[in-house]
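Each remark here refers to the structure printed beneath this line.
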Amino acid sequence: MKQNKKPAVFYCCALLLGLMSFRLCALESDSEQPITIDSNTATYDDVTATSIYTGNVISIQGSIRVNSDKLVVYFVDGDAEKLVFTGNKAKFKQTPSEGAEDITGEALTGEFYPKKNLLILINDATVWQGNATYSSNLIEYDIKTSLVKAGEKSTDSKRVHVILKPKAKEQQPMSEKSTLKDTKK
């Protein structure tokens, strides 16, 4: 007896399409935009070439927005090399491309490397886009390509949790429902 492989092929294709939706190209202009930071307090230490921002910190670069309790910026030759944000779940959001759904995420700690277009979420990290959710203790997010990598290759004890929800079915308008009932009499 021959088994019908069409449902299995369909689900595999749907899974791949869901995962590929995380690989949309980011807005090209994001990496070329300045980083603006608003906070309750700010300090700069010229000796260590760091600045520290605390209290309702909002940092924005193009379509990328990060909200955190604290942000430490490390400078090398006057350029922001690394930004470390922490908080009671620091949150980020980015519009990957015109008309695409935003990618959002949160973690207890985040490291942003502007020159590498790399955001690393550490400790209780989650990233969402559309119907897909990735959760792990370590998530790397390439901001330019919107590529998400979750988990650590060095250990099997720290697992990645992925949820791919089906798209919601569109409801029929009331006039169509009543027409369908009338024709069945």
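A short reminder: the numbers here are calculations on the coordinates, not readings from a lab. Predicted model, so just to flag it, every value in this text is computed and none were measured. Every residue, glycine as well, gets a Cβ built from its backbone with ideal geometry; the counts of neighbours run over all protein chains shown.
A few comments on the model shown:
- Computed lengthening from Glu81 to Glu101, 0.36 nm per intervening residue step minus Cα-Cα distance: 4.4 nm
- Each residue, Asn131 and Lys115, gets one label point 7 Å from its Cα in the Cβ direction; the gap between the two is 4.2 nm.
- Cross-link table Lys91/Lys165; Lys116/Lys167; Lys115/Lys165; Lys93/Lys115, entries beyond 29 Å C-alpha to C-alpha: Lys116/Lys167; Lys115/Lys165
- You can think of it this way: the chain between Ala42 and Tyr74 has 10.2 nm of extra reach, that is 0.36 nm per residue less the Cα-Cα gap.
- Segment Ala49-Arg65, length gained on full extension (0.36 nm per residue, minus Cα span): 3.4 nm
- Sparse-neighbourhood loop sites, GluC sites (Glu not before Pro) in region 76-118 - DSSP loop, at most 16 other Cβ within 10 angstrom: Glu98, Glu101
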